[in-house]
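No lab work stands behind these numbers, since they all come straight from the coordinates. Predicted model only: the values in this text are computed from it and were never measured. In this analysis, Cβ positions are derived from the backbone assuming ideal geometry, glycine residues included, and neighbour counts consider all displayed protein chains.
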Amino acid sequence: MIASTLVNPAGGLRYHVRAARYSRKLWQPFRWAVGEWLLGWNPPETTLVIVGPSGGYNLQPFLFERFERVVALEPDPVARYLFKRRLSRAPLERHPSLEMLSEDHLLAEPERLVTLLEERQACVLFSNVLGQLPVLLDTAEPEAPALARIRRAIARMIEGRSWASFHDRVSGELRPALEGPIHADGRLTDAQILQAFYGEADSAQTGKAPPEPPRELQDHLTEGLFPEALPHIYFSWELEPSVYHLIEGVRAVRAPQG
Ligand SMILES: C[S@@+](CC[C@H](N)C(=O)[O-])C[C@H]1O[C@@H](n2cnc3c(N)ncnc32)[C@H](O)[C@@H]1O
């Protein structure tokens, strides 16, 4: 069990090695941009459940200051140790209590996460984990039953609570053409992504069929996870030299309770 979490395809030791090599050199602009975006997310809930924080490499500790309790779901023991250490050392005015859970609440039985959120009356942050579902579930099939089950569970998780997610939309060796974060009124379609960030011509203007994603780009199958009409944000993250992830962010805050 421990060995498998250390080679987790969505994290594991390889991820910690990458973080050690590149988090200062390459990840900083992404970390700052995500931090700023999350600063604008102000949930009224006092408990945060964070899914997949790893060692907290892409999170600004001040995010946690506004919560009384943080529950972190993270199967990787090294990540749990590093995250706990990072949070305890962060120069915060107020440190939340931290509970770390190693058991899976996302993949096999995502309904467990619905229950956890209800029990804790918590808001939820999916921390760069949902774009890893294809690799975690070992599927390239958008309609795979396990993916569909997670989508259905997420629809229940986000109802009536605050939530946020940033996740891989596409990745590959092509550098997306964006310097800072880009805001969009709704989720961009694949054709809009290619046109806006990868230099494809606008198919409406050329009259040609919308382009297929270039083979160099991997689609992380995030369509249908969250309401598409909500504002979305797009970040570029250079994971390692010449490997780029286009990260999509979307969030909502629970309506005031009357
Ligand atoms: C791509 S990493 C992102 C880590 C971190 N949020 C960041 O941005 O640097 C994905 C994380 O999800 C974690 N993970 C994998 N399976 C998980 C599961 N079933 N539940 C929660 N986290 C999981 C991995 O251990 C890893 O830390």
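Quick notes on this structure:
- Candidates Thr115, Phe67, Trp37 compared by Cα position along the dipole of the chain: farthest toward the positive end lies Phe67, with charges placed on Cβ.
- Magnitude of the charge dipole for the chain, about its Cα centre and with charges confined to Cβ atoms of Lys, Arg (+1) and Asp, Glu (-1), is about 960 debye.
- A simple count of charges around Asp168, restricted to other residues whose Cβ falls under 10 Å of its Cβ and scoring Lys, Arg +1 and Asp, Glu -1, yields -1.
- Under the Debye formula (equal points on every Cα, no solvent term), log10 I(q)/I(0) of region 75-142 at q = 0.24 Å⁻¹: -1.28
- Among the chymotrypsin sites (Phe, Trp or Tyr not before Pro) within region 45-150, not one is in coil by DSSP while having at most 15 neighbouring Cβ atoms inside 10 Å.
- Directionally averaged shadow of the chain, computed from the convex hull of its alpha-carbon atoms, nm²: 14.2
- Length-normalised contact order for the chain - Cα pairs under 8 Å, 6+ apart - percent: 21
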